[in-house]
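The values are calculated or read from the model by the stated rules, or taken from the named source; none is laboratory data. Predicted, not measured: the structure shown is a model, and the values here were computed from it. Neighbour counts are summed over all protein chains in view; Cβ atoms, including those assigned to glycine, are modelled from backbone coordinates with ideal geometry. With ligands, DNA and RNA removed, areas are computed over all heavy atoms of the protein, side chains included. Shrake-Rupley method; radii C 1.70, N 1.55, O 1.52, S 1.80 Å.
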Amino acid sequence: MGKNEKKRVLILVLFLLCIVLGACNTSDAAQSSTEESGEQYKVMFIPKLIESDFYKQAERGAIDACNEFNCKEAFIGPVEADSVEQAKILEDNINLDWDVIVVAPNDDAAMESVVRRAKNTGKVIFGWSTGEALESVDYVLCPIEYEEQGHQMMEAFAQQMGGEGDYAIITGGLNAAELNAYLDAAEEYQKEFYPEMNLVTPRIGTDEKQQICYEKALEVIQAYPGIKGILGLSAPAGPGIGQAIRDKGLQEELTFVTCSAPNMCKDYLKDGSLDINVIFDPYSVGYAAIYLGKLICEGRGDEIVDGMEIPGLGEISIDGKAVVLSEPVWLTFKNYEQYNIDY
């Protein structure tokens, strides 16, 4: 072999070697990129109604978690608290490519059959703002423990009422299992610890509408002149009932305790139309749904255990299917600024 031929062979060998090494590096880089990104799971939320500060706050949590854990989310819900419309939304999305669906039913019984069909497609299904009626879910995400929230609400209410007197309850949907779980616990607590208090009328539903909360509060005030307090439960209950008390000038005579969206209630706390808002942060539900849903989709569901830590959220407790994410807070006008409230 001549000198020139040897040179050409050497150049060819070096060229082939560069190609091989380059391909290896590209393959390694691609593999590394895939490992870092992972599959991007899609999570759909169906709230009770889309125009609610509670659910908007939950969506903030979901968005933050998606940015952290490489997922996609969408909130799709009815404009009003309509269980028929909710069921239709879920039905329309059963065969789409959602990996996880999170449902906050207005009426558990109305949603159970369609939730079961969704579960049978292999999707991960979480309940939210629901009791134990939805049997087909993987977990129920609870921003707080239902019984504890009911006890805390009634304790705050009873303290403000002096432990005695007539009262009424104005709630959201009468068939909303989550709200009923809170109120069942509250009424049982009152009967045991504050027997001198008296519920004058069955729970009053408002279909999650602020104007109806306002009107029902006025009806209660007129129908029961000696009433000492109203316990309100739903996002629009705070401003609706608070406005009725303000308009009647009953801030000194009538106790009002609620669980409502804080920013909607701040002015009523300020002028005494509302005494205490026993709150929880729905941000945790949106955030936890993304993280826990991703774990199950990745085949890591066995990591979901009592006392586990969710990065960016903290420790959670699990009892059966119930995942409890935080503790209730008694919010007053005096302590309002101590908390970082943005909903």
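Structure data summary
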read-out	value
Potential extension, A322-A223 segment - 0.36 nm per residue separation minus Cα distance	31.7 nm
Region 134-180 versus region 309-343: alpha-carbon centroid distance in Å	16 Å
Fluctuation leader among A62, A261, A181 - the chain, Gaussian network, Cα springs under 10 angstrom	A181
Entries of K48/K266; K56/K334; K56/K270; K56/K248 with Cα pairs more than 28 Å apart	K56/K248
Counted charge near D99, where neighbours are those whose Cβ lies closer than 14 Å (Asp, Glu -1; Lys, Arg +1)	+1
Length added when fully stretched, D306-E51, from 0.36 nm per residue minus Cα-Cα	88.5 nm
Inter-centroid distance (Cα atoms) of region 218-278 relative to region 45-98, Å	30 Å
Amide H partners (placed H, <5 Å) of S317, local residues excluded	G307, V324
Built amide H within the under 5 Å cut-off of D166, gap 5+	N198, K228
Global form of region 241-320, assessed from the alpha-carbon gyration tensor, a/c cut-off 1.5	prolate
q = 0.07 Å⁻¹: log10 I(q)/I(0) that the Debye formula gives for the chain, counting C-alpha atoms only	-0.36
Karplus-derived HN-Hα couplings along region 219-229 (A = 6.51, B = -1.76, C = 1.60, θ = phi - 60°), whole Hz, x at Gly and Pro	5, 5, 4, 6, 6, 10, x, x, 5, 9, x
Cβ charges +1 (Lys, Arg) and -1 (Asp, Glu), total dipole of the chain, debye	1700 debye
For F45, distant residues with modelled amide H under 5 Å away	A74, F75, I76, V102
Cα gyration tensor shape for region 240-285, rounded if a/c is under 1.5, else prolate or oblate	prolate
In Hz, Karplus ³J(HN,Hα) per residue of region 79-91 (6.51, -1.76, 1.60; θ = phi - 60°; x = Gly, Pro)	6, 10, 6, 10, 5, 5, 5, 4, 4, 5, 4, 5, 4
Length gained when the stretch N175-E188 is fully extended (0.36 nm per residue, less Cα-Cα span)	2.8 nm
Percent carbon-and-sulfur accessible area, region 51-121, ignoring ligands, DNA and RNA, probe 1.4 Å	46 percent
Over region 151-306, volume per residue of the alpha carbon convex hull, in Å³	123 Å³
HN-Hα J in Hz across region 112-122 - Karplus 6.51, -1.76, 1.60, θ = phi - 60°, x for Gly and Pro	4, 5, 6, 4, 4, 5, 5, 5, 5, 7, x
Total charge dipole magnitude, region 74-184, about the Cα centre, Cβ charges on Lys, Arg, Asp, Glu only, Debye to nearest 20	420 debye
Signed unit charges on C-beta, dipole axis of the chain, positive-most listed residue N70, Q57, I296	N70
Accessible area of region 209-330 divided out per residue, in Å², using a probe of 1.4 angstrom	40 Å²
Percent carbon-and-sulfur accessible area, region 175-233, ignoring ligands, DNA and RNA, probe 1.4 Å	46 percent
